[in-house]
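Note sheet for the following structure.
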Amino acid sequence: MSGYKLVWFVPREALDVTRGAVFDAGAGVVGDYTRCSWYTEGTGTFLGGEGTSPSVGRPGREERVAELRVEVVVPEARLDAVVAALRSAHPYEEPAFDVIPLA
């Protein structure tokens with residue numbers, strides 16, 4: 001399969017919303033299986049600068065947030081639509097995500 005792995009970081013309460021958005025846009029298909037993903041728990045950190053509006057915490061203060069790291073596969077032809085869906089569904093002002101080419 002040529003395509004990409006999309007990895008994003010999200011608070012638990014937004015897991016289903018973000019997964020649903022990327023699945024609806026074409027991610028998470030492996031053979032005859034759909035809605036395929038993997039996730040694990042971790043801690044995200046950030047410090048919002050002046051003029052930011054974080055959904056958690058306050059600007060100018062380092063925050064630590066319980067988050068999930070979520071991974072899905074994305075076919076090359078659906079990458080732009082899937083990333084747009086993730087950005088639209090994600091609760092963060094600046095969502096962190098990685099797009100990794102698959103060999």
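The values are calculated or read from the model by the stated rules, or taken from the named source; none is laboratory data. Just so it is clear, the model here is predicted, and its values are computed rather than measured. Methodologically, a virtual Cβ is constructed for each residue, glycine included, from the backbone with ideal geometry; neighbour enumeration extends over all protein chains shown.
Structure values in brief
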read-out: From the options Ala21, Ala27, residue that is at pLDDT 95 or above, touching a Ser or Thr at 6+ places or on another chain (Cβ under 7 Å) and outside any strand (DSSP E or B); value: Ala21
read-out: Pairs, first under 18 Å from Glu93 (Cα atoms) in segment 7-28, second modelled with pLDDT of 95 or more and acidic (Asp, Glu), C-beta under 7 Å, six or more apart; value: Val7/Glu71; Val7/Asp98; Phe9/Glu67; Val10/Glu67; Pro11/Glu67
read-out: Candidates Gly20, Gly49, Gly44, Gly28 - the one that is buried (at least 17 other Cβ atoms within 10 Å of the Cβ) and farther than 22 Å from Pro101 by Cβ; value: Gly44
read-out: Residues that are under 15 Å from Leu15 (Cα atoms) and surrounded by fewer than 15 Cβ atoms within 10 Å (Cβ to Cβ), drawn from segment 68-103; value: Ser88, Pro91, Ala96
read-out: Subset of segment 32-67 [at pLDDT 95 or above, over 15 Å from Leu15 (Cβ atoms), of a type outside the set (S, T, N, Q) and assigned to a loop (DSSP other than H, G, I, E, B)]; value: Asp32
read-out: Residue list for segment 70-103, filter: in a strand (DSSP E or B) and not aromatic (Phe, Trp, Tyr); value: Val70, Glu71, Val72, Val73, Val74, Pro75, Asp98, Val99, Ile100, Pro101, Leu102
